[in-house]
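Each remark here refers to the structure printed beneath this line.
We did not get these values from a lab; they are worked out from the coordinates using the rules stated. None of these values were measured; they are calculated from a predicted model. Positions of Cβ are generated from backbone atoms using ideal geometry, with glycine treated the same way; all protein chains shown enter the neighbour counts.
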């Protein structure tokens, strides 16, 4: 049977952390600003236990408490919660709480675990052991259900048992914390994926005879959305408008800006703007929304006439689309009047070029991620000429629509020798006779 020993001497302010405590009584602890209290720093660091119990005559703590390395476990004692809060510094790893303590605030309550709940609120990241009367397993079990790592019987306590319980409680709390953070990270990732998926466009082409296909691959690891953006809408007069763009950079800020520009483009297009007027307004949006004055965006817009035989083309620092027609080799559309990227030159102009399409055609819009991948061991880039040759060959093999885009992106990735570091977006519009 364990022999009670006198209460440990009062701990000096420097050791106990009272000299560092600048908290008001009842104020919140600064958990998030400091390290995890369940982590022991370095091989020479010892575990520290905070005992909270109100027996002034003595305690069941025996002096031979040892940590896993055989070093003595430091013990601090507090007679009440106010004193405990002053001693509850970041170098405390575990709390041993007497459940017989009166409820906080001195108010009467029928909740036998009110004191434990109060401690758990004060120290949500610390391991907690509940100390209860011998044989009161029901109360101890309820304490674990509420949030304690384990419970111990006062009359059955000895140094060896308590040392082991402290070590287990600290490890269990560390494991619980890691599991909680992992679960939170998964939920956050799922929410981000749902958000990003919802931000990808749904083309508004109802009533159009054109077929639409798109392929999108962000350069950011484990992301669904990058700085590239695209969209397509049909206005009431039967004109089909399509665009593709690229915000410089690959982070979440660039992705957010790309979404803002896409939504602005759709709203302005449905409001009747096109060509130079639309791009000038988009530049104003970019200038107001970008986080840095050096951020710019390239853009390609096409507006296809209701009869599908001709289109207007505007380029803002963006590579020209590719057109493929039966009996003719695929080629790039003219890009002599390519204007500057959005956000580079105040008061810039973007001429609208008229392009003849014909009765049957495929028009491919793309971002530079498709042409800037490496080719072979020499480090040369695919470039627009290499892309045109690749698309010509794939068309000759009978690939069309989604299959053509999937094959193009896959081949560019294979030529690069692995994942592409830049975002890739490709849009394909087809008109059959």
Between residue 189 and residue 168, what is the spin-label point distance in nm, taking each point 7 Å from the Cα along the Cα→C-beta axis? 3.2
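As an exercise, use a Förster radius of 51 Å and the Cβ-Cβ distance of residue 71 and residue 200 to find the FRET efficiency, rounded to the nearest 0.05. Intermediate values should be presented prior to the final figure.
Numbers: r = 56 Å, r/R0 = 1.10.
The value I calculate is 0.35.
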Convex hull (Cα only) mean projected area of the range 200-431, reported in nm² to one decimal: 12.1
Fully extended contour minus Cα-Cα distance, from residue 161 to residue 396, at 0.36 nm per residue: 76.8 nm
Hey, fewest Cβ within 10 Å first, where do 366, 230, 335 land in order? 335, 230, 366
Gap in Å between the Cα centre of the range 315-333 and the Cα centre of the range 199-259? 19
To the nearest 0.05, how large is the calculated FRET efficiency for residue 413 and residue 337 if R₀ is 22 Å and r is the Cβ-Cβ distance? 0.10
Theoretical FRET efficiency, 1/(1+(r/R0)^6), r = Cβ-Cβ of residue 385 and residue 421, R0 22 Å, to 0.05: 0.55
Need one number: nm distance between label points at residue 403 and residue 287, each 7 Å from Cα along Cα→Cβ, rounded to one decimal. 4.8
Extending each Cα 7 Å along its Cβ direction at residue 307 and residue 153, get the distance between those two points in nm, one decimal. 9.7
